[in-house]
Every structure is written in C-alpha cells, then in structure tokens.
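Okay, so here's the structure we're looking at.
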Amino acid sequence: MALTLDIDKKYSLKIVPSKEASWAGVRDKLVNGELDASHVLYGLIYSMQLGIGGPKKDMAVLMNLNYNGQAITLPTKFAEKGVKDGATLKKLMETEKREYTFAQTFPTGTHAMWIYYWLAIYDINPMKDVKVITVPPPQMVANMRVGNMDGFCVGEPWDNRAIVDKVGFTAEITQKIWKGHPEKVLGTTAEFVQKYPNTARAMTTAILEAGKYIDGSVSNRHNTAETIASKSYVNTDMDVILDHMLGRYSNGLGKTWDDPNAMHFFADGAVNFPYLSDGMWFLTQHKRFGLLKEHPGYLAVAKKVNRIDIYKQAETSVGGISLPKSDMRGTKLIDGVSWDGKKPAAYADGFKIKT
C-alpha cells in the first residue's frame with residue numbers, strides 16, 4: 001500500500017515488490033542481497049541471527065507490521081468425526097492411532113510456533129507425537145485437499161480459502177492463543193541498516209504510514225483487500241481477504257462472529273513498536289522445542305536485532321503515535337501462562353511439554 005498510494009515517493013523511496021515462492025527463498029535472498037528488505041516471519045529473522053537452520057547473518061527488525069490474523073485449520077473429514085477443536089482432535093488421535101501430519105510455513109517461523117504451542121496445550125507433543133512438514137503458504141489448501149496433511153497453521157487468506165473451498169475448518173484463530181500477538185515484521189540485514197541508515201528510516205516511515213492508512217477506515221481496508229487480491233500480489237478472491245481483515249469470521253462449521261481482536265496494522269502505533277519481549281518470546285519457543293540446544297542471551301539478542309532507534313526516528317515523521325513506556329510488554333496466553341520477558345530461560349524451561 002505504501003507503493004500503491006505513492007507514500008514511498010513522499011519519502012524519496014522507490015519500493016519494488018518481489019513475489020517469492022517460499023519463506024526459505026526470502027531468507028536466502030535477504031542473505032545474498034537480492035532483497036533489501038521483506039515482510040517476514042518474526043522467528044525467521046531471529047533464527048537467521050543465531051544461525052538456526054540456515055546461514056548465520058546479523059539481522060534487523062525495523063518494525064512490527066501486524067497483530068493477529070492467523071489460524072489453525074483442520075480437514076473437513078475430521079469434522080465429520082466429531083472434531084471441532086484441540087480437545088476433540090486429541091480424542092480422535094487416541095482413538096484412531098496412525099501417523100498424523102501437520103504443516104507450518106518455516107521451521108522457526110511464527111506459524112510453526114503457534115501450531116506447536118496449540119498442540120502442546122492438548123498434550124500433543126509436536127516433536128514426538130506427530131510428523132511436522134514445511135509447506136509454502138499458497139500450497140497449503142491444495143496439499144490438504146489431496147490428504148497430505150491433517151492440519152496446518154498459516155496466515156490469511158489461506159485459512160479462509162480452505163473454508164470457502166470446503167477443504168477445511170478453523171480449529172483456532174491465533175489471537176485466541178495470544179491476544180494481540182506479533183506476526184510479520186519489516187526485516188532486513190544489519191549490514192543494510194549500517195550502509196543505508198537514511199533509507200532504512202525512510203522505508204520504516206513509509207510503511208508505518210501505510211499501516212496507519214489501512215487501519216484508518218473500513219473503506220481503506222476494502223481498498224487494501226482489493227489491491228492485494230489482484231494477480232500482481234496474492235491472486236485470490238477479494239472477499240476471501242476482506243472478511244477476515246474486517247474481523248468477520250466463519251469457522252466452516254456453521255459458527256460466525258465478529259472478532260474484536262482481528263488483524264490490526266497500526267492502532268495508533270501500538271501494533272508497530274518492535275518490543276524486545278516479542279522477539280525474545282520466539283527464542284523461548286525455539287529453545288522449548290529443541291531448535292536451540294542452549295539458552296541464548298535472550299535480551300542481548302533482542303537488543304541487537306530490534307532496531308527501536310530506527311523505529312522511534314520513523315514515528316516522529318508520521319505523527320499520531322503513542323510510544324510505550326517500556327521496551328517490554330506482558331501478556332497471558334491461552335494456557336494461562338504469563339509472559340513478560342523478565343525470566344526467559346525459566347519461562348522456556350517451565351512448560352510441561354518441551355524437547
């Protein structure tokens with residue numbers, strides 16, 4: 001939208017979008033410089049910083065792009081067997097014993113952590129009790145249709161696409177796992193920020209202003225949905241995108257509701273601040289599920305990656321933003337466990353199900 005609305009030109013930028021096939025492709029192109037920056041999975045940036053599952057590279061999170069708006073989808077055939085949520089999924093798995101396969105979009109990414117966390121709530125160990133595969137977002141629905149998986153977690157519009165195509169239903173929306181959770185970030189390499197600090201600031205400012213536009217009105221969200229549904233971008237029906245952007249949900253099992261914690265892109269800037277505790281949370285889950293063998297220096301890594309200095313410079317140019325009093329924030333997740341970033345190692349080690 002920063003490009004569509006010419007906001008980039010306002011800040012002497014030229015944004016050139018690049019459609020990528022997978023998150024692994026985004027990772028590789030950020031490393032080799034083919035991409036200057038990307039909307040990217042929070043956990044992917046942190047795994048690059050630590051060299052988990054790929055090349056090690058100093059990275060930078062310039063801002064958070066959105067809160068909420070992901071979902072966990074199960075196949076329609078499960079609903080016919082009485083499955084509607086995690087508890088009934090657990091019951092099915094105990095009754096019909098076989099290998100169950102669940103898909104995420106990148107091993108250290110947000111979708112992986114949401115589905116792992118969710119499964120673990122219902123005493124399903126994602127590292128031992130099921131098979132986990134990686135599937136690019138646009139291929140999720142097709143793979144479920146042919147029976148390659150028993151569930152997936154992905155960003156919109158693919159959950160809604162599964163419902164519209166009668167392939168799957170929503171077992172959980174991620175804002176129920178963590179209300180106001182961070183999702184995609186504006187990510188780049190530390191090298192890019194060092195070489196081009198003015199560009200990094202201008203890019204953050206332009207995209208921050210675009211987020212302000214999207215959240216500005218229902219009409220603006222409609223325009224946004226129409227833009228990104230086009231063939232140049234997501235290439236799907238606009239309504240599939242618009243409904244969930246407006247918080248209009250249907251789970252595919254007959255339940256419909258207006259969700260008060262749907263996707264947000266600005267919310268007076270509350271969405272966009274790159275809280276240190278948000279980045280640290282993903283590291284705790286990487287450690288919990290065995291992707292990290294040892295506890296990292298949680299706070300030190302977050303301070304290095306999350307460029308709060310760049311963000312603060314950008315917000316002064318946009319206006320209408322209230323900066324938080326702290327670089328950390330607290331929350332309570334779906335299982336009742338609180339997170340505030342203060343004791344990350346103890347938090348990571350405190351879960352019943354871990355690897």
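Brief remarks on what is shown
- Dipole magnitude for the chain: about 720 debye, using +1 per Lys or Arg Cβ and -1 per Asp or Glu Cβ, origin at the Cα centre.
- Set Lys128/Lys179; Lys84/Lys303; Lys212/Lys325; Lys84/Lys293 screened for pairs whose C-alpha atoms are more than 32 Å apart: Lys84/Lys303; Lys84/Lys293
- Charge-dipole axis of the chain as Lys and Arg at +1 and Asp and Glu at -1 on Cβ define it, positive-most pick from Ala314, Pro138, Thr355: Thr355
- Percent accessible area from carbon and sulfur atoms, the chain, protein chains only, probe 1.4 Å: 50
- Segment 292-317 and segment 18-80 have their alpha-carbon centroids 17 Å apart.
- Per residue, in Å², the accessible surface of segment 67-209 once ligands and nucleic acids are set aside, probe 1.4 Å: 36
- Counting 0.36 nm for each residue step from Lys342 to Val31 and taking away their Cα separation leaves a gain of 108.8 nm.
- When only alpha carbons are used to place a centre, segment 133-199 and segment 213-232 end up 19 Å from one another.
- With contributions of -39500 (n - 2.57) from each DSSP H run of at least four residues, the per-residue ellipticity at 222 nm computed over the chain stands at -11500 deg cm²/dmol.
- Each peptide in 163-171, 207-215, 107-115 was scored by the mean count of other Cβ atoms within 10 Å over its residues; highest first, the order is 107-115, 207-215, 163-171.
- Point-charge dipole on Cβ atoms (K/R +1, D/E -1) for segment 49-206, about Cα centre, debye to 20: 100
- Hydrodynamic radius by Kirkwood, which averages 1/r over all alpha carbon pairs of segment 245-300, in angstrom: 14.4
- Note on segment 1-92: Kirkwood radius taken over Cα pairs, Stokes-Einstein applied at 25 °C and 0.890 mPa s, translational D equal to 148 µm² s⁻¹.
- Dipole magnitude (debye, nearest 20) for segment 216-277, charges at Cβ of Lys, Arg, Asp, Glu: 80
- Heavy atoms of Lys57: accessible area, 1.4 Å probe, square angstrom to 10: 50
- Across Ser338, Ser277, the residue with the most accessible area heads the list, and the full order at a 1.4 Å probe is Ser338, Ser277.
- Peptide ranges 321-328, 280-287, 310-317 listed from the most packed, as the mean C-beta count within 10 angstrom indicates: 280-287, 310-317, 321-328
- Excluding ligands, DNA and RNA, the accessible surface per residue across segment 264-355 is 46 Å² with a 1.4 Å probe.
The values are calculated or read from the model by the stated rules, or taken from the named source; none is laboratory data. Please read these numbers as outputs of a predicted model, since none were measured by experiment. Glycine also receives a Cβ, built like all others from the backbone with ideal geometry; neighbour counts cover every protein chain displayed. Just so you know, the surface numbers come from the protein's heavy atoms only, side chains and all, with ligands and any DNA or RNA stripped out. Shrake-Rupley method; radii C 1.70, N 1.55, O 1.52, S 1.80 Å.
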